[in-house]
Each structure stands twice: as C-alpha cells, then as structure tokens.
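*Asks:* Sharing a structure here in structure tokens format.
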Amino acid sequence: MRYLFPFIASACLFACTPSSKKTTTSIHLTADNLYNKDTVLLVVHETTGKNNDADKLFLNAIDSYRNKKNPAGSIKLFKQSIVLKPQAKSYYELGNALFDMKKLKEAMQAYVIAELLDYKPLHKVLYNMACVYSIAGDATSARYCLISAIEFGYSNVKNIYADEDLAYLRSKGDFNNYVNAALSGATDPEKLQWNLFWHEFKPLEFPLVLDMKYGANLGEDYISYDYERFVPEMRDGQFSREVGSEYYHVGLVKNSDSVKTLIYAIREVMMSEMAPPAYYIVSFDKQGKLIDKLLIAGQLKLDEPFKVATLAENGTIQVGLFKQVYEKDPESAGYDDNKLLESKELDKENYTISSDGHFVKQQALLSMND
C-alpha cells in the first residue's frame, strides 16, 4: 500500500502552508490557516461531535455547486462550513469547486487536507489530484497519484483514457503500460466500487433496536455522495443531488457470498436539526445489484406511523408502529425543544430475511382457538 501524504506534501509545485508553532491557546480556523495541516488536526481534535450549522452550510454549498452549477458561489459556503467544523467531505468538495474554477494550487491544498482527514473513497481524491498535476504539467506527480488511485480502487477505465484533464499525462511516455499494469488486478471494475461501498458497513451486534435514541449513535459516519448508485435517495425526482439530507452507515446485517444485507440511515437535516433518522434495510447481490429494500425505522412523512425496529441475530425483524404526539407540530415547529408527549403503539409487523435477501412479511399468529 502506498503512503501518499509525505510525497504529496513535499511536492514543490503545490507546497502547503508551513506548519505553525503549537500553542496552549485555543486554535481556530480562519481563511489564513484553512490549509495548515497542524492547525486543521488540532481543530479537529478539539471539535468533536456534530455541528449542525456547519452541516447546513455544507449542504447549501453542495446545492450551489452540484445542482445550480455555481462553483464560484459554493466556494465561500464550503469555507464557511470548514471554519465552523473541518470535515473531509467539505475539503474534498471545496477542492472540486476550486478545480472547476481553475484554481489549481488551492484545489490541491484542499485535496491534501481531505486525504489527511481520511476522505472515503480515497481513490476519488487521488484521481482528482492526478488531474490537477497533469494540467499543471507535473507528469511525475500525476503518474504517482493516478497509479495510487487505481490501486485504491479507481476503476473507470473509460474515463482514464478519455478525461481531458489527463491529456498531458497520456502524452508522456509509457502511459498505457503503467495504467494497464495497475489495472491488472481490477478485472471487474463495477464490483470493485461495490466492494469499497459495502466494506464501509461494519458488522452489527444483536439484538439491535433502532428507536428515537439510536440516532445519537450515528456520529459522523457519513456515506459519500460518490456511492449514490447504491443509495437512490441521494437523487431527487429530477435526478439532481438531494441536499436536504445526510446519509449514514449503520452496519452490516448479513454477509454471505451471494447476499449482503446492510442498514443505512437518512436524516432530514433541513427540516430540523433534531429530526429523527429514517432507517432502510437493503439487500444486494454479489455484484451490488439491489435485491430488496424496506423502511424499518423512523418515518418519511409526519402523518405516517413512526417505526421502531428490533433485529435479532437469527434474522428476524420486528417493527413496531407508533403514533407520536408532540407538544408542538413538528412540521411547523421542528423537533428542537419540542417535547414528545405520547408514543402509542398501533400495530406490529414481523419480517424475516430469506436466503436470497428478500424481506418476507410474516402473518400474524392465529389464536389457538381458531
């Protein structure tokens, strides 16, 4: 495995800001130290937990950049989000917006910090770095980053040979030889992306209860937008990037050679900072093709029952349906400082996971007298 950061940080073309001296005072990010590695790491260490204002700014920036096609306008929003809370995803998308604006040096600085903060999937950062170096005329660095991107899972062969950003690199020397050598282990590119996706879901411990309290366990384990192929909710009806929500890994339920069953969560952060997540259990085949999907906890609409799921180790799923009454209407008042007055169970549903990955609803048990 390659260790990239020391190499990239030492590249003379895009040298990063010199490290500042450590102090005992509280450290803050500003426009002047946004790309200082030591400062960023200190701030990350000091700012644990979620920052809802930073997350909302990030989603607004994504909307500006991806949906409104306004990279220039998104840059300010990404930076505002980072100042409140530095996150790998924010630096990565900032790098993309800067790259689109041809601000190559600053884009590289943003990508370096995204890599430092363990952005996933890493191969996306490395590929973009290769493109920046290629445009800048640094074939050695571009080649190193491209090979590393492939080794870490980048598998879009068509793009490697057609991307205009890599035109300079393709014109230099033995491009075909080293790319083919790097790709030799990637016999199934689509499966590589699928493997990268599902491996980010850690095995769950049972029994597992997905209720109102569980949302606090999600932390910052976000699912990257690069995996929207496997999370269709990331796209709205017009196939634009859905930016009102955040997506989280919950974990792996079932793992066999033919079926992977996992759970992910969706939180509607634009509705309210304290909105409870909705949880989907999803099964895929070994190629990453969807087999079945079921909403097992939370709710999509406020007028629908709120679901609480209990999963057992044997694969059974019990879903309780509840009517929840709040002190104020959550649709207008949100969930912040909104007391839950009553949670009345209306019904129960029971499911099992079949051997082929489908979620099979069980009929209610008949009375002994029937």
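The values are calculated or read from the model by the stated rules, or taken from the named source; none is laboratory data. Predicted model only: the values in this text are computed from it and were never measured. Glycine gets a Cβ as well: all are built from the backbone with ideal geometry, and neighbour counts include every protein chain shown. Calculation scope for accessible area: heavy atoms of the full protein, side chains included, ligands and nucleic acids excluded. Shrake-Rupley method; radii C 1.70, N 1.55, O 1.52, S 1.80 Å.
*Asks:* Can you name every residue in the stretch 99-109 that is farther than 16 Å from TYR127 by Cβ and either assigned to a helix (DSSP H, G or I) or modelled with pLDDT under 95 (or both)?
*Replies:* Our first condition is that a residue be farther than 16 Å from TYR127 by Cβ; within the stretch 99-109, this holds for 101-103, 105-106, 109.
Listed by number, the residues that qualify are LYS105, GLU106, GLN109.
*Asks:* Just checking, how many residues over the stretch 85-107 are surrounded by 23 or more Cβ atoms within 10 Å (Cβ to Cβ), of a type in the set (A, V, I, L, M, F, W, C) and closer than 15 Å to LYS69 by Cβ?
*Replies:* Number of matching residues: 1.
*Asks:* Here are the criteria: (1) free of Cβ contacts under 8 Å to residues at least 24 places away in the same chain; (2) over 23 Å from LYS286 (Cβ atoms); (3) open to solvent by 30 Å² or more (accessible area, probe 1.4 Å). Tell me which single one ASP138 does not satisfy.
*Replies:* (1)
*Asks:* If the requirement is being surrounded by 14 or more Cβ atoms within 10 Å (Cβ to Cβ), out of contact with any Ser or Thr (no Cβ under 7 Å at 6 or more places or on another chain), modelled with pLDDT of 90 or more and not in a loop (DSSP other than H, G, I, E, B), which of these qualifies: LEU42, LEU34, LEU77?
*Replies:* Working: LEU34 fails: not in a loop (DSSP other than H, G, I, E, B); LEU77 fails: out of contact with any Ser or Thr (no Cβ under 7 Å at 6 or more places or on another chain).
Going through LEU42, LEU34, LEU77 in turn, just one is surrounded by 14 or more Cβ atoms within 10 Å (Cβ to Cβ), out of contact with any Ser or Thr (no Cβ under 7 Å at 6 or more places or on another chain), modelled with pLDDT of 90 or more and not in a loop (DSSP other than H, G, I, E, B): LEU42.
*Asks:* May I pose another question? Just to confirm my filter: which strands (runs of 3 or more DSSP E) fall fully inside the stretch 179-275 and include at least 1 residues that are open to solvent by less than 20 Å² (accessible area, probe 1.4 Å) and modelled with pLDDT under 90? Can you show your working first?
*Replies:* Numbers: elements: 208-210, 246-255, 259-267.
Once the strands (runs of 3 or more DSSP E) in the stretch 179-275 are filtered for at least 1 residues that are open to solvent by less than 20 Å² (accessible area, probe 1.4 Å) and modelled with pLDDT under 90, what remains is 246-255.
*Asks:* Checking SER148 against (1) within 20 Å of ARG170 (Cα to Cα); (2) surrounded by fewer than 24 Cβ atoms within 10 Å (Cβ to Cβ), only one condition comes out false. Which one?
*Replies:* (2)
*Asks:* Hey, TYR161 hits all of (1) open to solvent by 40 Å² or more (accessible area, probe 1.4 Å); (2) modelled with pLDDT under 90; (3) farther than 17 Å from LEU94 by Cα but one; which does it fall short on?
*Replies:* Single failed check for TYR161: (2).
*Asks:* So, in the stretch 1-31, of the ones that are under 15 Å from LYS85 (Cα atoms) and open to solvent by 40 Å² or more (accessible area, probe 1.4 Å), which residue ends up modelled with the highest pLDDT?
*Replies:* THR30
*Asks:* Tell me which residues, restricted to the stretch 103-123, are in contact (Cβ under 8 Å) with a residue 24 or more places away in the chain and of a type in the set (Lys, Arg).
*Replies:* Initially, the stretch 103-123 is screened for residues in contact (Cβ under 8 Å) with a residue 24 or more places away in the chain, giving 104-110, 112-123.
The answer is LYS105, LYS120.
*Asks:* Also, I was wondering about something else. How many residues are out of contact with any Lys or Arg (no Cβ under 8 Å at 6 or more places or on another chain), closer than 18 Å to GLU246 by Cα and in a helix (DSSP H, G or I) when one looks only at the stretch 82-93?
*Replies:* Here the count works out to 6.
*Asks:* Determine, yes or no, whether LYS105 is closer than 27 Å to GLU268 by Cβ and out of contact with any Lys or Arg (no Cβ under 7 Å at 6 or more places or on another chain). Step through it out loud before you land on a result.
*Replies:* Numbers: closer than 27 Å to GLU268 by Cβ: no; out of contact with any Lys or Arg (no Cβ under 7 Å at 6 or more places or on another chain): yes.
Answer is no for this residue.
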